[in-house]
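Here the structure comes first, spelled out in structure tokens, and everything after it is commentary.
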Amino acid sequence: MLRYSAFRIAAEGLRGNRGWTPTWRKAKPKPRYDVIVIGGGGHGLATAFYLAEVHGIRNVAVLERGLIGQGNTGRNTTIVRSNYLLPENNRFYEHSLKLWEGLEQSLGYNVMMSQRGVVNLFHNDAQRNAAIRRGNSMRLSGIDAELVDREGVRALCPLVDLDNSRYPVMGGLLQRRGGTARHDAVAWGFAHAADARGVDIIEHCEVTGLLIEGGAIGGVQTTRGEIRAPKVGLAVAGHTTTLTDMAGFPLPIETHLLQAFVSEGLKPLIDCVVTFGAGHFYISQSDKGGLVFGGGLDGYNSYGQRGTLREAEHVFAAGLSMIPALGRLRALRSWAGVMDMTPDGSPFICKTPVHGLYMTAGWCYGGFKATPGSGWCHAWTIAKDEPHPLNAAFTLERFREGRALDERGNGPYPWAQ
Ligand SMILES: Cc1cc2nc3c(=O)[nH]c(=O)nc-3n(C[C@H](O)[C@H](O)[C@H](O)COP(=O)(O)OP(=O)(O)OC[C@H]3O[C@@H](n4cnc5c(N)ncnc54)[C@H](O)[C@@H]3O)c2cc1C
């Protein structure tokens, strides 16, 4: 296994960098595996890694129709946090954050984890009460949360217009252990570590059909032929319903677009993550210097990976009202991802009506931070054929049973989560 270290970098520098080997093998499909994971984004690769690392199941294939990490994993704004209200969610996301904190050591790969703090601003008494309630709920689950006043916000991000006439800032809820990680490196790091444990990562291999015999999964049809396995896990984000349609059961998931933007590179300007919920805007600065920012969904169903100018204009306007100094910046690029939105804003990591078919899905616009936790729980569910207590609530049945996990309190509207 190729190991990265400061010594290795120095040694390769002296040898003209001729000793590096590929970060993962370009595997060819075998006729049969113990487990197939569909989707080579962070969640699929993490599932394969934890199957091999924690459960010793190494005869695993990850099937990706394109190149790994080019779905939502390579398109998000890289924010990592565990500041959720509901205990089912905050315990799961805290487990994920703890995995993030040791991820570079576990993977042997630099994912550029940066715990620079995430602050959610509030602008009126009702929002302040909601922030206090959320912070208290987090602390009850052993998660760090701090309420900061206006001066606290000023100290964290002096550019915020505290006296904005429409949305004057009263303070914020801060999670200091939140921050960012480099999204591509997360896919590459999981691929590297899974490959080193024997997992086959098979790119340019689209799943076009599921082989279901007597109510149980037997394998998949792909553009590179039939591959058999008694267990199959879905980790395909916005394409989940196209796969479950093949399996013949409906899902409460809508596919929506979410855009993000990056500015020209600047010297350090914003050294934490700031979110402005009232205006639909959030921002951080990448290590390269670009300001990375985004807002809400475009508001219509699509598989296209680009959004509308109308939503772009809304995001820029919201950003300018929170940080007027942004008006002097030029935006460099914009793109969109295909989000798997659930009615209550919470995910699914569960068994499905088809025996041996499992899924991790419904990550809405917050699944990057879930990557290690989702992979860990999905791997557990596949290996043991039952959920871990951390994902026991993330079932498909919760809507029928009246146990929806309505994190935002918006009710059952995918477009409102
Ligand atoms: C603009 C934007 C900003 C975001 N910001 C954040 C953020 O700051 N923090 C956060 O926590 N989350 C954020 N998210 C959400 C986050 O990116 C996703 O929830 C998460 O990356 C989903 O990972 P995944 O591995 O499930 O999906 P993906 O990375 O999309 O991987 C799914 C893979 O499945 C493959 N696939 C699909 N169909 C098939 C098939 N039939 N056969 C084989 N392969 C198939 C796709 O090609 C894709 O590579 C953001 C998303 C977007 C779009």
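Quick look at the values:
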{"item": "The chain: most fluctuating residue of 303, 109, 50 per GNM, C-alpha cutoff 10 Å", "result": "303"}
{"item": "The stretch 341-392, Rg to Rh (Cα coordinates; Rh as Kirkwood inverse mean 1/r)", "result": "0.95"}
{"item": "Between the stretch 122-198 and the stretch 1-49, the Cα center-to-center distance that results, in Å", "result": "32"}
{"item": "Calculated log₁₀ intensity ratio I(q)/I(0) where the Debye formula runs over C-alpha points of the stretch 305-382, q = 0.16, 0.21 Å⁻¹", "result": "-0.77, -0.99"}
{"item": "Reach of residue 369 by Cα under 17 Å, taken over lysines that are not fewer than 8 positions away in the same chain", "result": "98"}
{"item": "Histogram of C-alpha separations across the chain, 20 Å bin width, %", "result": "27, 57, 16, 0"}
{"item": "Semi-axis lengths (Å, descending) of the ellipsoid that matches the C-alpha gyration tensor of the stretch 266-357", "result": "31, 16, 13"}
{"item": "Hydrodynamic radius by Kirkwood, which averages 1/r over all alpha carbon pairs of the stretch 270-417, in angstrom", "result": "17.5"}
{"item": "All-pairs alpha carbon distance profile, the stretch 1-142, 10 Å steps from 0, percent", "result": "9, 27, 31, 21, 10, 3, 0"}
{"item": "Normalised per residue, the volume of the convex hull around the Cα set of the stretch 219-304 (Å³)", "result": "184"}
{"item": "Paramagnetic reach from residue 149 in the stretch 169-206 [backbone N under 19 Å; point 7 Å along Cα→Cβ]", "result": "169-175"}
{"item": "Counting all C-alpha pairs of the stretch 184-265, share separated by more than 20 Å (%)", "result": "51"}
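Read-outs: derived from the displayed coordinates by stated rules, not from any lab. These numbers were taken from a predicted model, which means no experiment stands behind them. We place every Cβ from the backbone using ideal geometry, glycine too, and count neighbours over all the protein chains shown.
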